[in-house]
Amino acid sequence: MTLLEVRNIEMHYDQRPRPFMFKRGQEAPVLQKVTFSLQEGECLGIVGQSGSGKSTLGRIILGIERPTKGEVLFQGVNLYETTSKHKKIIRRDLQTVFQNSYHSFNPKQTIFEIIEEPFLNFEHFSKTERQHKVRELLDCVELGRTIDQKYPSQLSGGQQQRVNIARALALNPKLIVLDEAISSLDMILQKHIIQLLQSLQKDRHLAYIFISHDLQATRFMSDRILVMQNGQLVEEIAKDGAYKHPASLELYNAILPSHPRERTMKHKRFCNV
Amino acid sequence: MSLVRKENVYVKRLFSLTLLLIIGLLGLFAPIIMPHDPLAIDISKKFLGPSLDYPLGTDHLGRCVWSRMLLGIRYSLGSALIIQIVAILLAVLLGAFVALKRGLIDFLFIRICDILLAFPTLVLAFGLLGLLGPSLKNVFIALIFTQLVYYSRWIRGLFIGMNEKGFIQAARISGTSGIKLIMRHYIPNLLPPIVTIVVLDIGKVILEIAGFSFIGLGVHAPIPEWGMMVNEGKQYIRQHPELMLYPGLAIVLVVLLLNHLASSFKKLGQ
Ligand SMILES: Nc1ncnc2c1ncn2[C@@H]1O[C@H](COP(=O)(O)OP(=O)(O)OP(=O)(O)O)[C@@H](O)[C@H]1O
Ligand SMILES: [Mg+2]
């Protein structure tokens, strides 16, 4: 079943009305004609160079930034034309891990308070139940339980990122937008988190939108990859498909192989060259 | 090095905080500890020098100056405190409301504030007092209103600055909204600047209350507000300058302590 449908999204950032004598600045759109859909339980990768509009697209899908044009349908409901009550129901199923993990924490809250927040809003758990749940989630992302009384500034970047992932998992959502969610973790942890995400995907029928500029990880995670360039979707690649568009090739060529000799081999495998 | 400095600021803050607390307690318990009725007139005892019975002597109507000073704490510091607390609470409600609603309400709010803020606050308060007539109640209304205009506009700006923060968006995504969002995320992060300004401005408000009394727009005559006492003492400035000096010095001391306290808050916040 279709979980998410994104239709003809267009996004301009320069929307401030100008005094009548000054012309509105003609900024290039950050997103243009972005259309795709996502099935339940699917993992969709979105790759593209820095500044190509991936995070912006992510925010639009999450319903926190209204696009200039176009619509986002989550389970058939238009995110930007629904009552706030309905939006709250959708909220449960639509979670995210932000790119900048430190900024997505309230510096005055402890890790426990950060992770329990979704429960406070949606469940009627007692304090001990919430403690129990938070511990479970911390275990899930391989963080020690003693971390829960610390403040975000006392954690390393990777630990912060995992707290973020734990918070996103709390409500058992249907879709998680992972914006560079594992890019700041070390390789071993990346692998663990990917395995965790994949097992969750199977158990709970979770769908992901995996935004990254790490082509290898994306390829490993995703069932399908969309390539973005200058705010446009330029190519869609199936799980084992080959890259054709110059933008995709460029991204691919930027991967440094572990040994120079492997480079040509890889080319043959993925790129039809 | 930085640790030592912080320690220093902390000690200094403790100093001004304790002094202010003592003054506050003196005001709170004034009715119990004042030796005489501050309003009791006894012309036969006018202009007495300091004695055990009258620690600061008596004024032109034979009233105990020390008792009047003590009760004056309530009218000066106490009133200013109440005005500030009421103003900031209303301002947070109003500012938060407009900042989260935006749209037409926000636009109108900004225009009205701009018009009102075009006058210096003191002039605005003068105008209001002129309309309402002099009384303690009207001093409250006028000052709360002017502070409210100034604060709510400022708080709206603080809130809008926070709207864009990642953790506000994250909290929204976790399902937090409305009053919970404000109490959990906006207020704790905005508290330091708000407390600093509120404490700092208590001094300003004390001066304004005193100023109104001095020019006869504020409290009525027998009330021992410090500004009023300065006003009453000014007729006898040549023969008995201490009548102006005591309340004047008290105002200066309290305002300086408040400024000091506020600036140490600011340093700690950095
Ligand atoms: N709030 C904003 N106001 C104005 N322009 C913005 C804003 N956010 C993003 N942009 C612009 O939109 C474009 C796309 O930004 P976005 O953050 O979506 O890129 P990205 O693909 O996520 O890049 P990265 O891989 O570095 O995270 C950039 O050119 C950026 O300057
Ligand atoms: Mg990004």
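Return the residue satisfying two criteria in turn: it lies in segment A:153-184 and is more than 16 Å from ligand 2 (Cβ to nearest atom), under 15 Å from the mean Cα position of the chain (by Cα) and more than 13 Å from every other protein chain (Cβ to nearest Cβ), and of such residues it is nearest to A:Gln99 (Cα to Cα).
Step by step, filter segment A:153-184, then rank; the result is A:Arg162.
Counting only residues that are of a type in the set (Asp, Glu) and at pLDDT 90 or above, how many does segment B:113-168 have?
1
Read through the list (1) β-branched (Val, Ile, Thr); (2) away from ligand 2 (no atom under 16 Å from the Cβ); (3) more than 11 Å from chain B (Cβ to nearest Cβ), then give the number of the only condition that A:Val30 fails.
Unmet for A:Val30, out of (1) β-branched (Val, Ile, Thr); (2) away from ligand 2 (no atom under 16 Å from the Cβ); (3) more than 11 Å from chain B (Cβ to nearest Cβ): (2).
Considering segment A:98-110 alone, what residues qualify as being more than 12 Å from ligand 2 (Cβ to nearest atom) and either closer than 28 Å to A:Ile46 by Cα or within 21 Å of the chain's Cα centre (by Cα) (or both)?
Matches in segment A:98-110: A:Ser101, A:Tyr102, A:His103, A:Ser104, A:Phe105, A:Asn106.
Does segment A:28-46 include one or more residues that are farther than 21 Å from B:Arg184 by Cβ and free of Cβ contacts under 8 Å to residues at least 24 places away in the same chain?
No, every residue in segment A:28-46 fails to be farther than 21 Å from B:Arg184 by Cβ and free of Cβ contacts under 8 Å to residues at least 24 places away in the same chain.
Give me the helices (runs of 4 or more DSSP H) completely within segment B:156-245, filtered to those with at least 2 residues that are without any contact (Cβ under 8 Å) to a residue 60 or more places away in the chain and over 30 Å from A:His86 (Cβ atoms), ordered by residue number.
In segment B:156-245, the matching helices (runs of 4 or more DSSP H) lie at B:187-214, B:226-233.
Pick from A:Ile64, A:Ile115, A:Ile60: which is under 28 Å from B:Lys180 (Cβ atoms), within 14 Å of chain B (Cβ to nearest Cβ) and away from ligand 1 (no atom under 16 Å from the Cβ)?
A:Ile115
Can you name the residue in segment A:185-211 that is outside any helix (DSSP H, G or I) and on the phi < 0 side of the Ramachandran plot and, of all such residues, is farthest from the other protein chains (Cβ to nearest Cβ)?
A:Asp186
Quick one: count up the residues across segment B:117-154 that are farther than 14 Å from B:Ala87 by Cβ and in contact (Cβ under 8 Å) with a residue 12 or more places away in the chain.
Residues meeting the conditions: 8.
May I ask you to list the residues in segment B:146-192 that are buried (at least 19 other Cβ atoms within 10 Å of the Cβ), aromatic (Phe, Trp, Tyr) and more than 12 Å from chain A (Cβ to nearest Cβ)?
Within segment B:146-192, B:Tyr150, B:Tyr151, B:Phe159 meet the criteria.
For A:Leu73, only one of the following conditions fails: (1) more than 16 Å from ligand 2 (Cβ to nearest atom); (2) modelled with pLDDT under 90; (3) aliphatic (A, V, I, L, M). What is its number?
It fails just one condition, (2).
Within segment A:40-64, can you find the residues that are within 13 Å of ligand 2 (Cβ to nearest atom) and part of a loop (DSSP other than H, G, I, E, B)?
If the condition is that a residue be within 13 Å of ligand 2 (Cβ to nearest atom) and part of a loop (DSSP other than H, G, I, E, B), then A:Gln49, A:Ser50, A:Gly51, A:Ser52, A:Gly53 are the ones that fit.
Among A:His124, A:His132, which is more than 8 Å from chain B (Cβ to nearest Cβ) and either outside any helix (DSSP H, G or I) or of a type in the set (Gly, Ala, Ser) (or both)?
Being more than 8 Å from chain B (Cβ to nearest Cβ) and either outside any helix (DSSP H, G or I) or of a type in the set (Gly, Ala, Ser) (or both) holds for just one of A:His124, A:His132, which is A:His124.
The values are calculated or read from the model by the stated rules, or taken from the named source; none is laboratory data. Every value quoted in this text rests on a predicted model; they were computed, and no experiment measured them. Backbone-built Cβ (ideal geometry, glycine too); neighbour counts: all protein chains shown.
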